[in-house]
1. What is the helix-to-structure angle for 84-109, meaning the angle in degrees between its Cα long axis and the longest Cα principal axis of the chain, kept from 0 to 90 and rounded to the nearest 10?
2. Hey, what number do you get for the chain at 222 nm if only DSSP H runs of n ≥ 4 count, each worth -39500 (n - 2.57), divided across all residues, to the nearest 500?
3. For the chain, what does the convex hull of the Cα positions come to per residue, in cubic angstrom?
4. Note the angle between two axes, namely the Cα long axis of helix 41-78 and the longest principal axis of the Cα atoms of the chain, as a number of degrees from 0 to 90, rounded to the nearest 10.
5. What list do you get for S82, S103 if you sort them by fewest beta carbons within 10 Å?
Amino acid sequence: MRCFYHSDVEAVGVCKNCHRGLCRACAVEITNGLACRDRCEKEVVALDRIIRRGRAASGPAAVLFTGVGAIFVIFGLLTLPSGLLVLVVGGFMLAFGALQLLSGRSKSSSPGASA
Ligand SMILES: [Zn+2]
Ligand SMILES: [Zn+2]
């Protein structure tokens, strides 16, 4: 692949914002990827900030859901049959929290896994 801006130069990477090939002179390294110098720098920084904020927000909430859900399930089992509702609610919370944790983990481990 060649640089989008210099058709005679081999690209060293791809811009995270516009996905064009970039040579060493055109690429700017931003935390988790490359951006076109003076063109996509701001966009890639903003994109990174959004991704990081999303990860930070879903992490603790998922842990909380899983933990509270587990407590509800145990409490519901101990107080059966009257605790059936607590058990069902706890089960849903546990499943929701576990799903969030799993999706967050697979998303954060994928970038840079090949490098
Ligand atoms: Zn770009
Ligand atoms: Zn270039």
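1. 20 degrees
2. On the way: 2 runs with 64 residues, N = 115.
Calculated mean residue ellipticity at 222 nm is -20000 deg cm²/dmol.
3. Working: hull volume 11.5 nm³, N = 115.
Convex hull of Cα atoms, per residue: 100 Å³.
4. Its long axis makes an angle of about 10 degrees.
5. Going from least to most buried by this count: S82, S103.
Bear in mind that the values in this text are calculations on the coordinates, not laboratory data. Just so we're clear, the structure is a prediction, and the values are computed from it rather than from any experiment. Neighbour counts are summed over all protein chains in view; Cβ atoms, including those assigned to glycine, are modelled from backbone coordinates with ideal geometry.
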